[in-house]
Amino acid sequence: MHKEMGEKLDKVVEAIDGKKTNEGNEVAILKAEVERLSWLNAGASTSATMAQPSNEHKELVRRLRREQAEMKAAADKHFSLLEGVILALQRQCEDAENNAEVWRNEALRPGNIRGCVAVGSTPITEARVRPRTTPSAVPSVARQVDAQLKGVVERHQAEVELLKEMRLKEVNARRESEKEIEKLKEEMARLQTVKKSKARGTNLKSRLDDAACVSARKGKEKVLDSPAKEAVDREAFIRNERKQLRALNKEAVVAICEREGITYTTPDPTKEDIARKRASVVFDGEGEDKGVSVVEVTEDGDGNSETGVGRDSATS
């Protein structure tokens with residue numbers, strides 16, 4: 001009995017295991033079918049979406065090309081109109097330039113008395129129209145006339161430039177001659193000043209009378225004055241010497257310095273030194289024992305001079 005029960009249980013177990021195996025196989029088959037169908041569905045949807053954008057792009061490209069062609073046609077038309085206007089303006093400018101050139105050449109013509117010059121009809125403003133034909137070339141008759149007038153004007157300008165150059169040379173020569181004359185005048189004045197300074201006499205009677213104010217002279221005796229009187233006379237003598245030395249130039253002053261043993265520095269201080277040196281010689285008696293020339297003034301006004309080392313002094 002136990003054996004029969006075991007056999008029955010084995011059969012039941014085998015039946016259950018076989019049923020489970022069949023169910024697993026069916027599930028696997030169903031899964032594979034579902035996957036296949038899903039793949040097919042995905043491929044169909046992708047092809048549909050790819051086909052639809054391609055058609056839209058083609059339509060957009062066709063529309064853009066059509067708009068581009070329309071814009072190009074409009075631009076070409078606009079450019080053709082602008083070319084016509086430009087050609088008309090160029091023709092007007094050429095006419096105006098030709099008239100202006102004729103007027104200028106006639107005005108510059110030699111012998112023109114600035115009267116009324118008839119050059120042709122006055123240029124008028126042309127209305128801007130759109131030319132429908134090709135513009136013709138401007139006739140060259142006016143340009144030939146302009147070439148002839150231009151030659152006359154060029155010759156006239158050459159004559160004017162030549163006259164200007166000659167005038168400039170003449171003015172420069174005159175200026176040079178004036179400069180030479182001024183130099184000669186200055187040289188003559190300098191020579192005359194030097195000559196006067198060299199030709200000045202050695203008779204110091206009048207100078208000594210003015211400086212010392214001698215009231216009475218007896219032979220060769222010296223007259224003694226008060227210190228105040230002597231100071232006044234000395235100052236008067238120095239002023240007189242300054243006045244005489246003021247007219248001398250540098251060369252004459254240098255010569256006097258060499259002759260009288262004075263160091264030359266600058267004109268004005270040197271002239272002052274010369275004047276004071278001469279005053280010292282006259283009033284203080286300096287230089288009498290150094291071999292200087294002495295002028296003896298007698299009562300009748302005659303003077304005899306003797307030359308020493310070149311300085312002048314006076315004794316009375």
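Quick one: which of ASP300, ASP284 is surrounded by fewer than 13 Cβ atoms within 10 Å (Cβ to Cβ) and at pLDDT 55 or above? Give the steps one after another, and end with the answer.
Values: ASP300 fails: at pLDDT 55 or above.
Result: ASP284 is the single residue among ASP300, ASP284 that is surrounded by fewer than 13 Cβ atoms within 10 Å (Cβ to Cβ) and at pLDDT 55 or above.
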Check your understanding: Can you find even one residue in segment 256-268 that is within 55 Å of the chain's Cα centre (by Cα), closer than 23 Å to THR193 by Cβ and among the aromatic types (Phe, Trp, Tyr)?
Key -> yes
Of the residues in segment 234-255 that are among the small types (Gly, Ala, Ser) and surrounded by 14 or more Cβ atoms within 10 Å (Cβ to Cβ), the one that is farthest from VAL194 (Cα to Cα) is ALA236
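Is it the case, given these coordinates, that LEU208 is at pLDDT 90 or above and of a type in the set (A, V, I, L, M)? Outline the logic, then answer.
Details: at pLDDT 90 or above: no; of a type in the set (A, V, I, L, M): yes.
So LEU208 does not fit the description; no.
The values are calculated or read from the model by the stated rules, or taken from the named source; none is laboratory data. Keep in mind that what you see is a predicted model, and the values were worked out from it rather than measured. Every residue, glycine as well, gets a Cβ built from its backbone with ideal geometry; the counts of neighbours run over all protein chains shown.
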